[in-house]
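Quick notes on the structure that follows.
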Amino acid sequence: MSELDGKRIFVTGSARGIGRAIAAQALARGARVVISDVDVDAAEATCAALDAEGTANCDVTDEGSVQAALEQAVGILGGLDVLVNNAGIEVASPLATQSTESFDRIFAVNVRGPFLMTKAAVPHLVESGGNIVNIASVAGLGGSPLLGSYCATKAALIQMTRVAAVELRPSGVRVNAVCPGFADTSMVDRLRPDFESATQMPFGDLVAAKQGRLGTADDIAEVVCFLASDRATWVTGSAYVLDGGLTASLV
Ligand SMILES: NC(=O)c1ccc[n+]([C@@H]2O[C@H](COP(=O)([O-])OP(=O)(O)OC[C@H]3O[C@@H](n4cnc5c(N)ncnc54)[C@H](O)[C@@H]3O)[C@@H](O)[C@H]2O)c1
């Protein structure tokens with residue numbers, strides 16, 4: 001029997017990057033997966049490429065859209081065992097010069113989004129004894145220049161993970177987070193030039209020095225699949241660091 005045999009999984013922001021890898025690995029482990037993204041065309045293409053169960057697209061910041069997508073996914077899957085809150089955005093800006101609109105926007109996607117998704121999913125997860133995996137970041141554990149608002153959103157997501165885990169423990173629902181370092185996706189491609197000008201160092205050298213190599217979306221999907229599975233039935237409230245040692249070192 002495969003690790004996620006028959007598990008019904010909804011992954012936000014799964015048209016590309018880490019979300020797509022989570023969907024692909026979950027499917028390979030026997031899960032039934034619904035793809036969801038604000039980029040509808042890319043989500044449809046990913047769903048077809050992976051031969052996933054279907055799509056239920058939404059903008060995670062919009063409560064009506066979230067509720068409708070979640071109900072659509074439950075309709076397709078016949079219930080829900082796992083919610084993966086993966087959709088997220090980055091902003092590279094010093095805090096002191098960041099616009100208030102961009103600060104509000106990153107909190108809307110990275111914090112309000114998982115909050116709305118969690119509220120919509122919990123009744124179904126209580127019914128199935130399911131679980132939630134939140135894609136946070138090492139940026140929620142330590143500071144980084146240019147990523148002030150991003151770091152704050154990921155710290156908030158880690159804290160929401162912990163509180164939801166404790167609040168939902170009596171109902172049998174587990175809630176965990178993963179905290180990746182830099183991984184090879186379009187998000188890091190967008191951040192690369194800003195980091196190079198801020199650190200005056202080639203990005204590849206920075207990554208090699210701090211975390212050995214760039215992570216892959218599959219490195220992260222491996223651990224997400226474990227947390228989503230029944231192999232992790234005593235794991236809740238955790239924030240798993242996946243960073244090649246980035247946060248382990250002081251130098
Ligand atoms: N790549 C990294 O190095 C890294 C490291 C740590 C954490 N993360 C986190 O992993 C998650 C996935 O990041 P990625 O690197 O794959 O990024 P990505 O930009 O490659 O993909 C993100 C996906 O989320 C979707 N999305 C954005 N806003 C949305 C919204 N409002 N509603 C629904 N979908 C939306 C995008 O369309 C895109 O398909 C994010 O939460 C990110 O913060 C990434």
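The values are calculated or read from the model by the stated rules, or taken from the named source; none is laboratory data. The structure presented is a predicted model; accordingly, all values stated were derived computationally and were not measured. Cβ: placed from backbone, ideal geometry, glycine included. Neighbour counts: every protein chain shown. For accessibility, only protein heavy atoms count, side chains too; no ligands or nucleic acids. Shrake-Rupley method; radii C 1.70, N 1.55, O 1.52, S 1.80 Å.
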Open item on the list: Considering only residues that are under 22 Å from SER14 (Cα atoms), part of a helix (DSSP H, G or I) and hydroxyl-bearing (Ser, Thr, Tyr), which ones fall in region 134-174?
Closed with: TYR150, THR153, THR161
- [ ] Kindly indicate whether any position in region 40-52 is open to solvent by less than 40 Å² (accessible area, probe 1.4 Å), touching a helix residue (DSSP H, G or I) at 6+ places or on another chain (Cβ under 8 Å), within 12 Å of the ligand (Cβ to nearest atom) and modelled with pLDDT of 95 or more.
- [x] yes
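Residue-wise test of (1) within 11 Å of the ligand (Cβ to nearest atom); (2) among the basic types (Lys, Arg); (3) open to solvent by 30 Å² or more (accessible area, probe 1.4 Å).
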residue: VAL173; (1), (2), (3): no, no, no
residue: SER197; (1), (2), (3): no, no, yes
residue: GLN200; (1), (2), (3): no, no, yes
residue: ASP205; (1), (2), (3): no, no, yes
residue: THR233; (1), (2), (3): no, no, yes
residue: TYR240; (1), (2), (3): no, no, yes
residue: ASP243; (1), (2), (3): yes, no, no
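Checking the condition in a helix (DSSP H, G or I) and farther than 18 Å from GLY143 by Cβ, which residue from VAL111, VAL122 passes?
Details: VAL111 fails: farther than 18 Å from GLY143 by Cβ.
Answer to the selection: VAL122.
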Task: Number of positions in region 121-152 that are of a type outside the set (A, V, I, L, M, F, W, C) and within 30 Å of ALA198 (Cα to Cα) - done: 10
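What about ASP219, is it assigned to a helix (DSSP H, G or I), surrounded by 15 or more Cβ atoms within 10 Å (Cβ to Cβ) and at pLDDT 95 or above?
Working: assigned to a helix (DSSP H, G or I): yes; surrounded by 15 or more Cβ atoms within 10 Å (Cβ to Cβ): yes; at pLDDT 95 or above: yes.
When the stated conditions are applied, ASP219 passes them.
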TODO: Determine which single condition GLU63 fails, assuming it passes every other condition in (1) in contact with a strand residue (DSSP E or B) (Cβ under 9 Å, 6 or more places away or on another chain); (2) within 13 Å of the ligand (Cβ to nearest atom); (3) among the charged types (D, E, K, R).
DONE: (1)
TODO: Exactly one condition in (1) under 18 Å from ILE158 (Cα atoms); (2) part of a helix (DSSP H, G or I); (3) of a type in the set (D, E, K, R); (4) within 13 Å of the ligand (Cβ to nearest atom) is not met by GLU90; state its number.
DONE: (2)
TODO: Go through region 5-28 residue by residue and tally those that are assigned to a loop (DSSP other than H, G, I, E, B) and surrounded by fewer than 19 Cβ atoms within 10 Å (Cβ to Cβ).
DONE: 3
TODO: Look at region 109-155 and say how many of its residues are out of contact with any Ser or Thr (no Cβ under 7 Å at 6 or more places or on another chain) and farther than 30 Å from MET201 by Cα.
DONE: 17
Open item on the list: Suppose we keep only residues that are of a type in the set (Val, Ile, Thr) and within 21 Å of CYS58 (Cβ to Cβ) within region 127-151. Which one would you say is nearest to the ligand (Cβ to nearest atom)?
Closed with: ILE135
